Every structure is written in C-alpha cells, then in structure tokens.
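Encoded as structure tokens, the structure appears first; notes follow it.
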Amino acid sequence: MKRKLRMGMVGGGPGAFIGEVHRKAARMDGKIEIVAGAFDIDPAKSKQMGEELNLDPSRVYSDFNEMIANEAALPVDERIDLLAVTTPNNWHFPIAKAFLEAGFNVMCEKPMTMTVAEAVELEKIVKESGKTFGLMHTYSGYPMVKLAKDLVKQGEIGKVRKVVVQYAQGWLAKAIEKDGQMQASWRTDPKQSGAAGCVGDIGTHAANLAEYITGSKITDICADLTSFVDGRLLDDDGNCLLKMENGIKGVLHCSQISVGEENGLKIRVYGTEGGLEWYQEHPNQLLVKPMDKPTEIWSRGNEYVNNKSEAAARNTRVPAGHPEGYLESFANHYSNFADTILAKEAGETPDAVMLDFPDVADGVDGMVFIEKVVESAHSDQKWTKL
Ligand code: NAD
C-alpha cells in the first residue's frame, strides 16, 4: 500500500550545510515526511532544530542512542522508516551500523566510513539486515548524468577510451578553519574527516561519477596530493592518473584551493566515435560531440532525451527550459530510495531505474579509492592497484 515514509535525521543542526538540503529534497515529492531527529552534537541545538521544524518534542533527541531506543520502542506504524546520516564523516559508521542493526533503513552521507575495514563491515551488516541503504553521491541523481550513462551503454560514442574528471572549489584557499568556520574545521581534522581531506570530500564524488557514467571501475591509481595551506594536516589539492576496466585511461583532479571556482565538477568522456561533456554548474545540458560533426547541446526534459534514457525521463519533474538542479538531484535519490523501500515492503521487486541510487557497494569503492590515493601519494612506486 502506498504511504508516506517517516524519516529521522542525525546531524543537520542549526548552521549545518547538508542536513537542510536532505530535508528539503526528501520532502520534495511528497513521499517522505521528517518526524524525528538528533540533529546536533549539542543537545540544546538539537532541541532548537526540532522547534524550527515544528516536530513533536518527544521525537527530538539528545543523541542517536537515545533516538534508537525511543524510536524502536514506538509502534511499527509510528516509528521512523528511514534514517538520514548527515554528520561529519567520523560518525557515519557507528550511526549507520546502530540504526541498521535496530532494523531501520539508512541514507548515509559520503564518504561512507573512516576506513576500508569499516566499509566492508557495513556492507556485511546491510546484507544481513535486509534493509535498504543509500549513499548520497549526489551527482548520479542528475537526469543528464543518467542520460550520459545510457548513451555510453548504447554505444553512442563508441568504445570509451578516456575520462577527464575535475572537481575544483576555492573555498579552502585560506586557513578559514583557524577562525572556526564550521564546515572547514572538521574537514581539515584527520580525526573527523579521515585519511584524506579534499580527496575524501569531493574526489570521491568525481571517482563515483566517472565509474557511474562509464560503467567501468577504477583499477589503478597514480596520485599526487598537496596541502597548500600552511599547517593544514590533510590534502587540499589532488591530481590522479587512472587506469579503469576495459582499457580506459583517466585523469581526475580535485581541489579546494582553486581560487574563483565554486562547485566546478566537470566530466568529459571520449570514445572511438565521439565525446560527452557534463558540467555541474549547468546541469540541464549535456554536450554530445559526434566525430566530424558539430557539437550538440542536449537539453533536459526534451523528447529526444527521454526517448534515449528512461532513467533521465523518470528523474525529471518539470518541462524543458525550466531548470532543475542540486536539490532535485538529492530528491531523485530520495524518491528512488523511498520507492525501493515501499516495493520491498509490498513484496515486489524494485526495477532497475528505481534501484539506480548509490548504495553500500559504492561506499566500499569510495573508501578503497581514498585509501589507495593516499597510499600512492606517499609511495615511491606511485602506480597502486585498487
Ligand atoms: P556541517 O558541519 O555543516 O554539519 C554537521 C552537523 O552534524 C552539525 O549540526 C553537527 O552538530 C552535527 N553532528 C556532529 N556530530 C553529531 C552527532 N554525533 N550526533 C548528532 N549530530 C552531530 O557538515 P556538512 O557540511 O553538512 O557535512 C556533513 C556530511 O555531509 C559530511 O559527511 C560531508 O562529507 C557530507 N556532505 C555531502 C555533500 C554532498 O553533496 N553529498 C555535500 C556536503 C557535505
């Protein structure tokens, strides 16, 4: 039976970045409502957030352990169906593990864990729990990225030879963490961020995007990492050469000291017959570059797009020319995630387009990517197998 799913959140307190994005996106299609949360590391701020969201005070908790105990004790038709984990990285694993083991579905932020060992353990827990697990690699939620994947699969650009993916930001070009900037403080602290800085924060998105569109995994990495800002313990810039399955070669660079760049995620894919280019700051367009012909600008929402890609069509809300963007990409992952939970609940098998959101296997790949980039950057050998 169709019903609205009840969502809880850990993280996303006052002043936090991504928690509010999740809340807006999860509610966009009317499939999910927010009913509970332990929103902040500070219980008083969690309470404040609950008030801002007009939640029942008895469903606003001081910490995630209290939340699990209370939610699990509620009748099945009242307790949360799914949890969103939107805390800094060091909390993802303990929170996701605890909620899965208590029988809740989980949508988790990336990078999934702090180590590969934790990621592998979480994969096992997801499998054993039978619950649905999503990982918020935002960018595969965009319809024109889904179109790019389908065009590659349909052979539109021939056999893929090369991928160039870049994710450039400039917001960490100064030591703003020293002034206590909230998002910079934990991202530059290895205890909260993990083994990598920029590579874990945005390099993993670039790697996931390259693998998603090509359908080929990264197999070898040769990486160079730098901390340009004095005293910073983690990388704020990374350059990687890639070898991928099916003979594909790649270049991936990520940077948070590229002054003037905002959220400059761009991917170019070159095959034997043509090329593709997608740029996150103009997400409604995909450039298609057929051999010996002028470059075409394909635009979201048009019939020629929807005829080529069922996934692009199903993840589009408004007609061509009315831009969709960042919030909608999160909403697409939430919508497919919710449909999957409901289909499983009804004893149905979710279809492939429904299941097209990043999951725990992507999380393991992301953690292996981070670990191997760091290993390569610190070794004389350089080329490192994943
Ligand atoms: P943030 O610093 O803005 O917010 C983190 C929030 O988590 C704060 O409210 C903090 O009080 C709360 N918190 C910390 N520990 C907690 C705990 N144990 N229990 C409850 N709440 C706790 O961080 P952010 O920029 O929103 O990033 C959060 C996560 O989202 C990170 O893992 C980051 O990598 C990821 N992220 C993903 C995207 C994306 O596009 N998918 C974008 C930005 C951030």
Kirkwood Rh and Cα-based Rg: tell me the resulting Rg over Rh for the chain, rounded to two decimals. 0.96
On the full set of protein chains, 1.4 Å probe, figure out the accessible area of I370 and give it in Å² to the nearest 10. 10
Please give the calculated 222 nm ellipticity per residue for the chain, where each DSSP H segment of at least 4 residues contributes -39500 (n - 2.57) and the sum is spread over every residue; nearest 500 deg cm²/dmol? -10500 deg cm²/dmol
Ranking H253, H378, H322 from most to least accessible area with a 1.4 Å probe gives H378, H322, H253
Carbon plus sulfur fraction of accessible area for the chain, probe 1.4 Å, in percent: 52
With a 1.4 Å probe and all protein chains kept in place, how much accessible area does M28 have, in Å² rounded to the nearest 10? 70
From the square roots a ≥ b ≥ c of the eigenvalues of the alpha-carbon gyration tensor of segment 95-233, which class results: rounded (a/c under 1.5), prolate (a/b over b/c), or oblate? oblate
Excluding residues fewer than 8 positions from K97 in its own chain, the lysines with Cα under 21 Å of it are K110, K124, K127, K131, K191, K344
First check a/c for segment 255-327, with a ≥ b ≥ c the square roots of the eigenvalues of its C-alpha gyration tensor; if it is under 1.5, answer rounded, and if not, answer prolate when a/b is larger than b/c or oblate otherwise. oblate
Could you derive backbone 3J(HN,Hα) for segment 114-130 from the dihedral phi with the Karplus parameters 6.51, -1.76 and 1.60 (θ = phi - 60°), listing whole Hz in sequence and x where the residue is Gly or Pro? 9, 9, 5, 4, 5, 4, 5, 5, 5, 4, 5, 5, 4, 4, 5, 6, x
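What number do you get for segment 204-350 when its Cα radius of gyration is normalised by 2.2 N^0.38 Å, N = residues?
Segment 204-350 yields a ratio of 1.25.
The values are calculated or read from the model by the stated rules, or taken from the named source; none is laboratory data. Keep in mind the model is a prediction, meaning the values are calculated, not measured. We work out accessible area using only protein heavy atoms, side chains counted, and drop any ligands, DNA or RNA first. Shrake-Rupley method; radii C 1.70, N 1.55, O 1.52, S 1.80 Å.
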